[in-house]
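The values are calculated or read from the model by the stated rules, or taken from the named source; none is laboratory data. This structure is a prediction, so every number in the text was calculated from the model and none was measured. Here the Cβ positions follow ideal geometry from the backbone for every residue, glycine too, while neighbour counts run over all protein chains shown. With ligands, DNA and RNA removed, areas are computed over all heavy atoms of the protein, side chains included. Shrake-Rupley method; radii C 1.70, N 1.55, O 1.52, S 1.80 Å.
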Amino acid sequence: MAIMITSECINCGACEPECPNTAIYEGGANWVLGNDSHDAISTDTYYLVAEKCTECVGFHDAPQCAAVCPVDCCIADPNNVETKEQLDAKKEKLDQLGR
Ligand code: SF4
Ligand code: SF4
């Protein structure tokens, strides 16, 4: 299951440097996967790219963004449920493409 950042985000920036997959971006910032740059998904608050979020599988025992968020707005995305195997595969893809 990928994590999502809700509209409760207060733009503190604590989560971004903690993400091992560089899946978190400041509002308005383009997101990057491999050599490709994409338009920002949110302009108002920090956002998270589900395509790059492995729930920290392969790096940590628990989602690091959720661990540091002061307002607990990094939550499991009910519309993006993935198995451990799918998350492992996502990590492998990121290993190959670059983050
Ligand atoms: Fe990044 Fe981990 Fe948060 Fe996903 S759960 S956005 S991989 S810090
Ligand atoms: Fe927003 Fe939480 Fe990240 Fe701070 S740690 S930028 S409040 S999602």
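Keeping all protein chains in place, calculate the accessible area per residue for the chain (probe 1.4 angstrom), answer in Å².
Averaged over the residues of the chain, the accessible area is 56 Å².
So, by mean Cβ neighbours within 10 angstrom, what's the order for 64-75, 37-48 with the highest one leading?
Most protected by this proxy first, the peptides run 64-75, 37-48.
So who's got an amide H within less than 5 Å of the one on Asn21, skipping anything under 5 residues away but keeping other chains? H placed 1.01 Å off N, in plane.
none
If you take all C-alpha pairs in the chain, what percent of them are over 15 Å apart?
57 percent
Just want to confirm a number: the relative contact order over the chain, from Cα pairs under 8 angstrom separated by 6+ residues, in percent.
The value is 40 percent.
Could you tell me which residue out of Gly28, Thr83, Cys73 lies farthest along the dipole of segment 2-99 toward its positive end? Charges go on the beta carbon: Lys and Arg +1, Asp and Glu -1, centred on the Cα centre.
Ranked along the dipole, the leading option is Thr83.
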